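Colleague: Please find one structure pasted underneath; my questions will follow.
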Amino acid sequence: MRFWIQSRNDELSNRLLLEAKDYLLGFGLIFDEDEPDIVLSIGGDGTLLHAFHKYSHRLKKTAFVGIHTGHLGFYADWKPSEIEKLVISIARKEYDVIEYPLLDVTINYQGDRESLHYLALNESSVKSPDVTLVMDVLLNDKHFERFRGDGLCMSTPSGSTAYSKSNGGALVHPSLPSMQLTEMASINNRVFRTVGSPLVLPDHHKCILKPVNGPDFMVTVDHLQLLHEDVKSIEYEVSSERVRFARFRPFPFWKRVRDSFIDNND
Ligand code: NAP
């Protein structure tokens, strides 16, 4: 089996990287950055986002597992003290693979510039670089609303505990192949009106955002943020691709939610 380790690059994560690497090499596994079967991410959820994007071209072949060196994470849910147990389970292939839905992001441009395509593990958000964002929201090609405000965010179920939650989105179990649109500070008065509630869309629905004023937007895809110019539309769909996590023990989503946001003393 081939493995690769992604570290947050702090002292503890780098020390654990060397420890895990030594263990796994000792078990006869091969350290391979190009074609790993399993990627250990040591750091936080943010570190796992980086690992995901590094290997997003080979999701069918690479599974991920995260060790947290800060607070408990949603993707990084192993403690540093469990590293020995974890590497033994990896070496013996004693794990199941669970799959989570992803978000397809397509940015279409004016003129004949080719569209760009991205996969998001957490979410994609759209903001205007300087003024209020004004976007027409189309659901399944039908006009739904004209949004005015700070921005819009489309999240995956596993991303619902991240940016989407800060926007007042619901927490969505990752077994539901869906995407969730949340508003950031929408302007609502007698003239301007949006639905004002997060929308959870199933995997056969499509959401298109069409610029009304300027054609330039700040678009984020997880930790990546880029200015896109001359945008014609931004399309969101639940992806047909999925991310695979190696699961060594049951750790239910709602338990992770409780441990992260309410109380982790059992
Ligand atoms: P960052 O600003 O360094 O970290 C943002 C925080 O989000 C970190 O505490 C990270 O956890 C946490 N996080 C990431 N994915 C999560 C998930 N699925 N569930 C719960 N928490 C999660 O940025 P980054 O590390 O590059 O991560 C980019 C992510 O930041 C974006 O995908 C977005 O979700 C999030 N973000 C949130 C807000 C907000 O809530 N207002 C604003 C911008 C971006 P760790 O500490 O474990 O890494």
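Colleague: Could you list which residues have their amide H under 5 Å from that of residue 64, counting only those 5 or more apart in sequence or on another chain, with H placed in the peptide plane?
Modeller: 39, 244, 245, 246
Colleague: Same structure, new question: Hey, with R₀ at 41 Å, roughly what FRET efficiency would residue 18 and residue 143 work out to, going by the Cβ-Cβ distance, to 0.05?
Modeller: 0.15
Colleague: Once phi is turned into θ = phi - 60°, what whole-Hz ³J(HN,Hα) does the Karplus curve with 6.51, -1.76 and 1.60 give for every residue of region 16-27, x standing for Gly and Pro?
Modeller: Coupling constants for region 16-27: 5, 4, 5, 5, 5, 4, 4, 4, 5, 5, x, 7 Hz.
Colleague: Select from 171, 155, 50 the residue farthest towards the positive end of the dipole of the chain; place +1 on Cβ of Lys and Arg, -1 on Cβ of Asp and Glu, and compute about the Cα centre.
Modeller: Projecting each Cα onto the dipole axis, the largest value belongs to 171.
Colleague: Sticking with this one: Spelling out what I want: for every residue of region 154-159, take phi, set θ = phi - 60°, compute 6.51 cos²θ - 1.76 cosθ + 1.60 (Karplus), and round to whole Hz; glycine and proline get x.
Modeller: 10, 10, 7, x, 6, x
Colleague: Shifting gears a bit: If you place +1 on the Cβ of every Lys and Arg, -1 on the Cβ of every Asp and Glu, and leave all else neutral, what size is the dipole of region 184-243 about its Cα centre, to the nearest 20 Debye?
Modeller: Using only the charged Cβ atoms, the result is roughly 420 debye.
Colleague: Place the peptides 107-116, 142-151 in order of packing, highest mean first, counting for every residue the other Cβ atoms within 10 Å and averaging per peptide.
Modeller: Most protected by this proxy first, the peptides run 142-151, 107-116.
Colleague: Also: All other residues with a Cβ under 9 Å from the Cβ of residue 68 taken together, and with Lys, Arg as +1 and Asp, Glu as -1, what is their net charge?
Modeller: Value of the local net charge: -1.
Colleague: Exposure proxy check: 134, 212 ranked by fewest other beta carbons within 10 Å?
Modeller: On the way: 134 16, 212 12.
Result, fewest neighbours first: 212, 134.
Colleague: Local charge sum around residue 125 (other residues, Cβ-Cβ under 12 Å, Lys/Arg +1, Asp/Glu -1)?
Modeller: -3
Colleague: I've got another one for you. Magnitude of the Cβ-charge dipole of region 102-239, K/R +1 and D/E -1, about the Cα centre, nearest 20 debye?
Modeller: 540 debye
Colleague: Gain in length, residue 11 to residue 261, computed as 0.36 nm per residue apart minus the alpha-carbon separation, to one decimal in nm?
Modeller: Working it through step by step, the gained length comes to 87.3 nm.
Colleague: Give, as a single signed number, the net charge of other residues whose beta carbon lies under 11 Å from the beta carbon of residue 94, with Lys and Arg counted +1 and Asp and Glu -1. Provide the component values of the computation, followed by the final result.
Modeller: On the way: positive: 85, 92, 93, 247, 249; negative: 96.
Within the 11 Å Cβ shell, the charges total +4.
Colleague: What Kirkwood radius, in Å to one decimal, follows from the Cα pairs of the chain? Please report the intermediate quantities before stating the final value.
Modeller: Values: mean 1/r = 0.0510 Å⁻¹.
One over the average 1/r among Cα pairs gives 19.6 Å for the chain.
Colleague: State the extension gain, in nm to one decimal, for the chain segment bounded by residue 244 and residue 82, taking 0.36 nm per residue of separation less the distance between their alpha-carbons.
Modeller: Details: separation 162, 0.36 × 162 = 58.32 nm, distance 2.09 nm.
Computed gain between residue 244 and residue 82 is 56.2 nm.
Colleague: Taking a threshold of 20 Å on the Cα-Cα distance, which of the pairs 142/206; 54/79; 61/85 fall above it?
Modeller: Violating the 20 Å Cα-Cα cut-off are 54/79; 61/85.
Colleague: Among 27, 64, 251, what is the fewest-to-most ranking by other Cβ atoms within 10 Å?
Modeller: If I rank by nearby Cβ atoms, fewest first, I get 251, 27, 64.
Colleague: Using the Cα centre as the reference, give the magnitude of the dipole from point charges on the C-beta atoms of the chain (Lys, Arg: +1; Asp, Glu: -1; all else neutral), rounded to the nearest 20 debye.
Modeller: 560 debye
Colleague: Determine the principal axes of the Cα atoms in region 102-239, then give the extent along each, sorted from largest to smallest and rounded to whole angstroms.
Modeller: Rounded to whole Å, the extents work out to 39, 38, 28 Å.
Colleague: In nm, give the distance between the simple-model label positions of residue 210 and residue 176, each being 7 Å from the Cα along the Cα-to-Cβ direction.
Modeller: The modelled label-to-label distance comes out at 2.9 nm.
Colleague: Along Cα→Cβ, 7 Å out, is where each label goes; now give me the distance between the ones at residue 228 and residue 92 in nm to one decimal.
Modeller: 4.7 nm
Colleague: Determine the gain in length on full extension of the stretch residue 30-residue 190; use 0.36 nm per residue of separation and subtract their C-alpha separation, reporting nm with one decimal.
Modeller: Residue separation times 0.36 nm, minus the Cα-Cα distance, leaves 51.3 nm.
No value in this document is a laboratory result; all are computed from the given coordinates. In this text, all values refer to a predicted model and were calculated from it rather than measured experimentally. In this analysis, Cβ positions are derived from the backbone assuming ideal geometry, glycine residues included, and neighbour counts consider all displayed protein chains.
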